[in-house]
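Engineer: Have a look at this one.
The values are calculated or read from the model by the stated rules, or taken from the named source; none is laboratory data. Everything numeric in this text was worked out from a predicted model, so none of it was measured. Methodologically, a virtual Cβ is constructed for each residue, glycine included, from the backbone with ideal geometry; neighbour enumeration extends over all protein chains shown. These accessible areas exclude ligands, DNA and RNA; they are computed on the full protein's heavy atoms, side chains included. Shrake-Rupley method; radii C 1.70, N 1.55, O 1.52, S 1.80 Å.
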Amino acid sequence: MGKIAINIATGSLQKEEIIVGIDLGTTNSLVAIMHPESKKAVALREHNSSSLVPSIIHFTEQGTVVVGDAAKEKLASHPASTIYSVKRLMGKAYNDLQKNKTSYQIIDTNTDSLVRVAIGGKSYNPVELSAEILKELKTRAEHILKMPVAKAVITVPAYFNDTQRQATRDAGKMAGLDVLRIINEPTAACMAYGIGVNNAEPQVVAVYDLGGGTFDVSIVQLQQGIFEVLSTHGNTYLGGDDFDNAIVQYWLTKHPTLQASQELRLWAIEAKKQLSSSTNFEQPFQDVLLQLSIEDFNQLIQPLVNETLQSCQSALTDAGLTIADVNTVLMVGGSTRVPLVKQQVAQFFEKAVNDSVNPDEVVALGAAIQADILAGNTKDVLLLDVTPLSLGIETMGGLMDVLIPRNSKIPTKAGRQYTTSKDGQSGIIISVYQGERDLVQHNRKLAEFTLKGIPAMPAGLPKVEVSFLINADGILQVAAKELRSGVQTQIEVKPQYGITDADVEAMLLSSLENAEADIKARALVEAQTEGEQLLQTTEAFLSKNSGLLTQAELLSTAAAMQALQLSLTMTDKDLIHAKMDELNEISRPFAERVMDVAISTAMKGTKI
Ligand code: ADP
Ligand code: MG
């Protein structure tokens with residue numbers, strides 16, 4: 001399938017490597033790739049079977065592991081050794097799990113480390129269990145593609161925290177996959193729909209994902225190829241399984257002779273699926289006729305659908321947006337095939353929903369597109385480039401503070417918080433530099449602007465967020481915003497403008513040649529800046545509050561300040577640090593008293 005290449009060094013034929021996209025779902029998982037000829041993302045399937053692999057793992061008595069449909073068949077007969085919904089356990093400690101009604105045993109290891117699942121005499125953590133699913137996916141993909149698969153992009157829900165993302169990465173590694181990137185499921189869905197690729201205008205997309213056991217809705221903002229999840233809301237215990245349960249309960253009430261069974265549940269799923277394209281379901285079963293009309297089904301699931309709509313409202317509110325701000329609504333997850341779900345989501349957002357891409361596959365397809373971009377094949381879709389030199393701003397003492405390091409893939413975005421160094425400072429000068437040296441004087445200045453109108457506050461209290469955004473065309477937008485007052489300003493620069501390859505090379509060389517001297521210079525400047533700031537704050541404090549101190553405290557403080565002042569004129573950073581420590585030691589008790597007063601006064605001033 002892949003293109004054939006010749007390795008010039010060995011003279012041998014080699015197939016081009018492939019990076020796959022993987023949707024590791026709670027209920028189903030699958031692999032997709034970018035088709036080398038058609039240049040379209042496709043889900044991998046064997047012959048004409050389904051692309052979906054149930055995310056279920058069965059441990060046989062002989063100690064072997066079975067994954068997918070074969071494991072699903074063991075759910076009813078071997079509940080204790082058949083594991084489902086592992087994704088809900090990823091990165092979780094025992095105490096994190098509120099609901100714990102699994103047919104397999106989750107054990108409390110009495111630590112705050114990850115939960116384990118006990119099967120037979122052994123126990124497994126969720127990373128090991130997920131790795132089994134990923135191994136199966138890898139093997140399948142290799143079998144279908146007839147080539148080794150070693151690299152992957154794996155999707156996770158937008159609400160996954162760092163621990164859960166790391167757990168997913170580890171599972172990939174354990175399965176023998178090099179996980180190049182973990183991407184958000186709603187982002188992948190947007191990519192599969194091709195949204196945001198060629199839009200210059202910012203777009204707001206609501207991604208509604210109703211799967212087997214979980215529901216989440218994400219509000220994603222797209223701007224020049226950058227995906228930002230503004231908010232997410234949902235319920236990790238709400239999905240198609242609940243629809244199935246509702247149908248089973250309905251039949252049990254209608255037919256008192258029936259008993260809950262796996263077989264009855266399978267018919268419930270069948271009924272649900274049939275009602276996606278017809279209005280009535282009928283099936284003889286034991287001594288009764290199982291029947292379900294679309295009206296009755298809709299009535300059964302209405303409360304569940306309502307709950308998802310409330311989540312949509314919460315997500316919008318959290319993003320600070322209204323329905324009118326949403327440009328597009330995407331349907332993701334197998335359960336969005338239910339007609340009532342589509343209707344009601346469309347009604348809620350007051351616009352038609354997008355459901356043209358297979359909802360079971362859409363996330364994996366998006367992952368495959370991202371994989372192809374990382375492989376460097378899809379250049380025309382998203383312009384991925386790198387920054388030739390680091391970009392940053394000047395901070396106290398003329399130091400370069402890098403926000404976007406050189407060789408970062410663009411488009412990219414970075415932000416950092418700064419504060420003022422003087423009491424009552426009303427403006428901050430933002431100077432943007434490009435280059436690799438530690439002191440800005442050795443780098444290239446690109447732009448400078450001032451954030452004005454910061455309300456008077458003690459030094460250190462304002463929160464100034466400086467953000468850098470480089471779009472796919474290499475245009476840098478620098479914005480500064482004081483978060484307490486909301487004052488903001490921004491500027492656009494062309495960082496690459498006028499720089500030749502020779503310039504870049506010269507700047508890199510000089511940074512290498514001067515690396516050691518730069519590090520020393522930076523350390524000294526940092527120490528001097530800190531020392532100066534400490535002197536300023538102490539001075540300001542004394543001028544306002546000297547009455548609060550004893551004569552002895554005043555004298556010892558003055559002596560320590562003098563010693564620090566002297567050390568600043570020399571070039572020994574260790575001496576400066578020592579003198580700062582001494583002053584801090586003396587002033588700490590009363591400085592803390594004073595800070596409290598200063599902060600409460602400042603709060604009154606800004607009318608919070
Ligand atoms: P997950 O993201 O949780 O892994 P999926 O997106 O694969 O889950 O969705 C699985 C759910 O979709 C199951 O509850 C399944 O019964 C349901 N489903 C699949 N096809 C249909 C259909 N035609 N009508 C209704 N529900 C469906
Ligand atoms: Mg899913």
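Engineer: Check the range 153-162 and report whether any residue there is open to solvent by 60 Å² or more (accessible area, probe 1.4 Å) and either aromatic (Phe, Trp, Tyr) or outside any loop (DSSP other than H, G, I, E, B) (or both). Reasoning before the result, please.
Structural biologist: First, pick out the residues of the range 153-162 that are open to solvent by 60 Å² or more (accessible area, probe 1.4 Å): 159, 161-162.
Now narrow it down to the ones that are either aromatic (Phe, Trp, Tyr) or outside any loop (DSSP other than H, G, I, E, B) (or both): 159, 162.
Yes, the conditions are met somewhere in the range 153-162.
Engineer: Working only within the range 226-246, note down all residues that are of a type outside the set (Ser, Thr, Tyr) and either out of contact with any strand residue (DSSP E or B) (no Cβ under 9 Å at 6 or more places or on another chain) or within 16 Å of ligand 1 (Cβ to nearest atom) (or both).
Structural biologist: Correct list: GLY234, ASN235, LEU238, GLY239, GLY240, ASP241, ASP242, PHE243, ASP244, ASN245, ALA246.
Engineer: Report, by residue number, each residue of the range 362-380 that is open to solvent by less than 50 Å² (accessible area, probe 1.4 Å) and more than 14 Å from ligand 1 (Cβ to nearest atom). Break it down stepwise before answering.
Structural biologist: Residues of the range 362-380 that are open to solvent by less than 50 Å² (accessible area, probe 1.4 Å), as a first pass: 362-376, 378.
The answer is ALA368, ILE369, GLN370, ALA371, ASP372, ILE373, LEU374, ALA375, GLY376, THR378.
Engineer: Quick one: in the range 50-67, which of the residues that are within 16 Å of ligand 2 (Cβ to nearest atom) and crowded, with 17+ Cβ neighbours inside 10 Å is nearest to GLY120 (Cα to Cα)? Spell out how you get there, then give the answer.
Structural biologist: Filtering the range 50-67 for residues within 16 Å of ligand 2 (Cβ to nearest atom) gives 50-56.
If we keep only those that are crowded, with 17+ Cβ neighbours inside 10 Å too, we end up with 51-56.
Values: SER51: 31, LEU52: 28, VAL53: 24, PRO54: 22, SER55: 20, ILE56: 17 Å.
Among those that are within 16 Å of ligand 2 (Cβ to nearest atom) and crowded, with 17+ Cβ neighbours inside 10 Å, it is ILE56.
Engineer: Next question, about the same structure. Looking at (1) modelled with pLDDT of 75 or more; (2) assigned to a loop (DSSP other than H, G, I, E, B), which one does ASN377 not meet, given that it meets all the others?
Structural biologist: All conditions are met except number (1).
Engineer: Now for a different question. Cβ-Cβ below 6 Å, separation at least six or inter-chain, first residue in the range 22-41 and more than 10 Å from ligand 2 (Cβ to nearest atom), second among the β-branched types (Val, Ile, Thr) and not in a strand (DSSP E or B): which pairs?
Structural biologist: ALA41/ILE369
Engineer: Would the range 238-246 turn up any residue that is open to solvent by 50 Å² or more (accessible area, probe 1.4 Å), closer than 25 Å to GLN343 by Cα, within 37 Å of the chain's Cα centre (by Cα) and not aromatic (Phe, Trp, Tyr)? I'd like the intermediate steps shown before the answer.
Structural biologist: Quick first cut of the range 238-246, residues open to solvent by 50 Å² or more (accessible area, probe 1.4 Å) only: 241, 245.
Still in the list and also closer than 25 Å to GLN343 by Cα: 241, 245.
Filter once more, keeping what is within 37 Å of the chain's Cα centre (by Cα): 241, 245.
Subset that is not aromatic (Phe, Trp, Tyr): 241, 245.
There is at least one residue in the range 238-246 that is open to solvent by 50 Å² or more (accessible area, probe 1.4 Å), closer than 25 Å to GLN343 by Cα, within 37 Å of the chain's Cα centre (by Cα) and not aromatic (Phe, Trp, Tyr).
Engineer: Only one residue in VAL345, VAL362, VAL332 is away from ligand 2 (no atom under 15 Å from the Cβ) and either at pLDDT 95 or above or among the polar types (S, T, N, Q) (or both), so which one is that?
Structural biologist: None of the others qualify; the one that does is VAL345.
Engineer: Something else now. Any idea which residue in the range 311-361 is surrounded by the fewest Cβ atoms within 10 Å (Cβ to Cβ), counting only those that are within 14 Å of PRO186 (Cβ to Cβ) and touching a Gly at 6+ places or on another chain (Cβ under 7 Å)?
Structural biologist: SER311
Engineer: Taking the range 284-310 on its own, how many of its residues are under 23 Å from THR232 (Cα atoms) and among the hydrophobic types (A, V, I, L, M, F, W, C)? Talk me through it step by step, then tell me what you get.
Structural biologist: At the first step, the residues of the range 284-310 found to be under 23 Å from THR232 (Cα atoms) are 301-310.
Still in the list and also among the hydrophobic types (A, V, I, L, M, F, W, C): 301, 304-305, 309.
Residues in the range 284-310 being under 23 Å from THR232 (Cα atoms) and among the hydrophobic types (A, V, I, L, M, F, W, C): 4 in total.
Engineer: For the range 528-563, give me the residue count where each residue is in contact with an Asp or Glu (Cβ under 8 Å, 6 or more places away or on another chain) and of a type in the set (Gly, Ala, Ser).
Structural biologist: So the count comes out to 3.
Engineer: Select from the range 158-186 the residues that are of a type outside the set (A, V, I, L, M, F, W, C), within 16 Å of ligand 1 (Cβ to nearest atom) and at pLDDT below 90 and list them in ascending order.
Structural biologist: Step one: of the range 158-186, the residues of a type outside the set (A, V, I, L, M, F, W, C) are 159, 161-166, 168-170, 172-173, 176, 178, 181, 184-186.
The next check asks that each one be within 16 Å of ligand 1 (Cβ to nearest atom); those that pass are 159, 164, 168, 184-186.
Hits for the range 158-186 are TYR159, GLN164, ASN184.
Here's the yes/no breakdown for (1) at pLDDT 75 or above; (2) out of contact with any helix residue (DSSP H, G or I) (no Cβ under 8 Å at 6 or more places or on another chain); (3) under 21 Å from ASP401 (Cβ atoms):
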residue	(1), (2), (3)
LEU476	yes, yes, yes
LYS481	yes, yes, yes
GLU492	no, yes, yes
SER511	no, no, yes
ASN514	yes, no, yes
GLU526	yes, no, yes
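Engineer: Can you pull out every residue in the range 287-310 that is surrounded by fewer than 19 Cβ atoms within 10 Å (Cβ to Cβ), more than 26 Å from PHE349 (Cβ to Cβ) and modelled with pLDDT of 95 or more?
Structural biologist: VAL288, LEU289, GLN291, SER293, ASP296
Engineer: Which residue is nearest to SER130 (Cα to Cα), if the candidates are limited to the range 59-105 and must be touching a Leu at 6+ places or on another chain (Cβ under 8 Å) and in a strand (DSSP E or B)?
Structural biologist: ILE83
Results for (1) under 20 Å from GLN441 (Cα atoms); (2) open to solvent by less than 50 Å² (accessible area, probe 1.4 Å); (3) modelled with pLDDT under 75, shown as yes or no for each residue.
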position: ALA517; (1), (2), (3): yes, no, no
position: GLY531; (1), (2), (3): no, yes, no
position: ALA540; (1), (2), (3): no, yes, no
position: LEU548; (1), (2), (3): no, no, no
position: THR557; (1), (2), (3): no, yes, no
position: GLN562; (1), (2), (3): no, no, no
position: THR569; (1), (2), (3): no, no, no
position: ALA578; (1), (2), (3): no, yes, no
position: PRO589; (1), (2), (3): no, no, no
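Engineer: OK, next. ILE219 versus (1) within 16 Å of ligand 2 (Cβ to nearest atom); (2) surrounded by 23 or more Cβ atoms within 10 Å (Cβ to Cβ): which is the lone unmet condition?
Structural biologist: (1)
Engineer: Hey, among LEU583, LEU564, LEU575, which residue is under 20 Å from GLU526 (Cβ atoms), touching a residue at least 40 places away in the same chain (Cβ under 8 Å) and touching a helix residue (DSSP H, G or I) at 6+ places or on another chain (Cβ under 6 Å)? So that I can check it myself, show each step before the final result.
Structural biologist: Values: LEU564 fails: touching a residue at least 40 places away in the same chain (Cβ under 8 Å); LEU575 fails: touching a residue at least 40 places away in the same chain (Cβ under 8 Å).
Matching residue, one of LEU583, LEU564, LEU575: LEU583.
Listed here are the residues, each with its yes/no results for (1) within 23 Å of GLY397 (Cβ to Cβ); (2) of a type in the set (A, V, I, L, M); (3) touching a residue at least 24 places away in the same chain (Cβ under 8 Å).
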site	(1), (2), (3)
LYS422	yes, no, yes
GLY427	yes, no, yes
VAL432	yes, yes, yes
ASP438	yes, no, yes
PHE449	yes, no, yes
ALA459	yes, yes, yes
VAL466	yes, yes, yes
ILE470	no, yes, yes
LEU476	no, yes, yes
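Engineer: With surrounded by fewer than 14 Cβ atoms within 10 Å (Cβ to Cβ), closer than 25 Å to ALA188 by Cα and either assigned by TED's automatic domain parsing to the domain that holds LEU145 or out of contact with any His (no Cβ under 7 Å at 6 or more places or on another chain) (or both) as the only criterion, which of HIS35, HIS47 stands out? Walk me through it before giving the result.
Structural biologist: Numbers: HIS47 fails: closer than 25 Å to ALA188 by Cα.
It is HIS35.
Engineer: Just wondering, is there one or more residues in the range 277-284 that are touching a residue at least 24 places away in the same chain (Cβ under 8 Å) and either open to solvent by 10 Å² or more (accessible area, probe 1.4 Å) or out of contact with any Ser or Thr (no Cβ under 6 Å at 6 or more places or on another chain) (or both)? Step through it out loud before you land on a result.
Structural biologist: Looking only at the range 277-284, we keep the residues that are touching a residue at least 24 places away in the same chain (Cβ under 8 Å), and these are none.
No, there is no match, as no residue in the range 277-284 is touching a residue at least 24 places away in the same chain (Cβ under 8 Å) and either open to solvent by 10 Å² or more (accessible area, probe 1.4 Å) or out of contact with any Ser or Thr (no Cβ under 6 Å at 6 or more places or on another chain) (or both).
Engineer: Quick test for you: out of LYS74, LYS92, pick the one residue that is farther than 22 Å from PHE160 by Cα and among the basic types (Lys, Arg). Outline the logic, then answer.
Structural biologist: Numbers: LYS92 fails: farther than 22 Å from PHE160 by Cα.
Matching residue, one of LYS74, LYS92: LYS74.
Engineer: Of the conditions (1) modelled with pLDDT under 95; (2) outside the structural domain of GLU448 (by TED's automatic domain parsing), MET396 clears all except one; give me its number.
Structural biologist: (2)
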